[in-house]
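To start, the structure itself, in C-alpha cells.
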Amino acid sequence: MDHLDHRILSALRVYGCDPRVAGAARALSWAGEHGALWLAAGLAGAAVDGARRGAWVRGTALTAGAHLVSMGVKRVVRRPRPAHVEPLVRTAGRHSFPSSHAASAAAAAVAFGMLATCRGSGSTTAPLATTATRVALPPLATAMCLSRLVVGVHYPSDVAAGAALGALTACAGARWMTGGADD
C-alpha cells in the first residue's frame, strides 16, 4: 500500500509544476486551512437561507466537528508527511493521516448537499444558496481533496481516509442537522 501511495502522490505532484495548477492548489490549501472555506460557506448559507438558518448552522458545526475529529486522529496515528516530494505549501502540523482538509471538505459537501436537496415544510429556500450548493460545492470539495496531493503534503490514503471521515461525520449527524430544518 505504501508503494502505491508513493507512486500516485508522485504522479499527481507533477501537476504542481504548472504554475496555474500550483497557484490554484496553493489557494485551495490556504482557503481550506482549519476548514475556513467550509465554515464560511455554511455561515453564508445561514445568512441567505433564513428559513433553514438552524440547519445551516448545524451543518457548519458538523463540518467543524469532522475537522476536529481528524485532528485528533492525526495525533494518535502520527503518520509523517510525504518526504519523497517537495511540498508547495507549508503545513500547520507535521502529521499526515488523515487529511483534515479532505475531512472538512467532504463533511461540508455531504452536510450542505443535504440542505440543497431537502426542503423543510413551508421552506422558502434561498435560490442562491441552493444553486451554489448544488453546482459549486461537490467539484470544489473534490478539488480541495486533490489539491492536497498536488501540493505534495498528503498521501492518497490520507485524503481518502479524511474524506471518508468527513462524509461519515456528516451522515451521522444528518438527522440532527435536518430535523430542525424549519427553524
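The table for this structure:
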item	result
So L9, is it at pLDDT 90 or above, hydrophobic (A, V, I, L, M, F, W, C) and part of a helix (DSSP H, G or I)	no
So L62, is it outside any helix (DSSP H, G or I) and touching a residue at least 24 places away in the same chain (Cβ under 8 Å)	no
Selected residue [small (G, A, S) and at pLDDT 95 or above] from A66, A51	A66
Residue within region 101-121 that is of a type in the set (D, E, K, R) and either touching a Phe, Trp or Tyr at 6+ places or on another chain (Cβ under 6 Å) or modelled with pLDDT of 85 or more (or both) present	no
Exclusive hit being over 23 Å from D2 (Cα atoms) and polar (S, T, N, Q), set T142, T169	T169
Residue that is farther than 22 Å from R175 by Cα and either among the small types (G, A, S) or crowded, with 17+ Cβ neighbours inside 10 Å (or both), where the choices are A47, A36	A36
Unmet requirement for V57, which otherwise passes all of (1) modelled with pLDDT under 90; (2) touching a Gly at 6+ places or on another chain (Cβ under 8 Å); (3) open to solvent by 50 Å² or more (accessible area, probe 1.4 Å)	(1)
Condition met for V159 (modelled with pLDDT of 85 or more and under 22 Å from L9 (Cα atoms))	yes
In region 74-108, residue least open to solvent (accessible area, probe 1.4 Å) [restricted to those that are out of contact with any Ser or Thr (no Cβ under 9 Å at 6 or more places or on another chain) and part of a helix (DSSP H, G or I)]	V76
Residue tally, condition at pLDDT below 90 and under 11 Å from the mean Cα position of the chain (by Cα), over region 124-149	2
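The values are calculated or read from the model by the stated rules, or taken from the named source; none is laboratory data. Bear in mind the structure is a predicted one, so any value in this text is a computation, not a measurement. Here the Cβ is made from the backbone with ideal geometry for all residues, glycine too, and neighbour counts use every protein chain on show. Side chains are part of the model used for accessible areas, which takes the heavy atoms of the whole protein and leaves out ligands, DNA and RNA. Shrake-Rupley method; radii C 1.70, N 1.55, O 1.52, S 1.80 Å.
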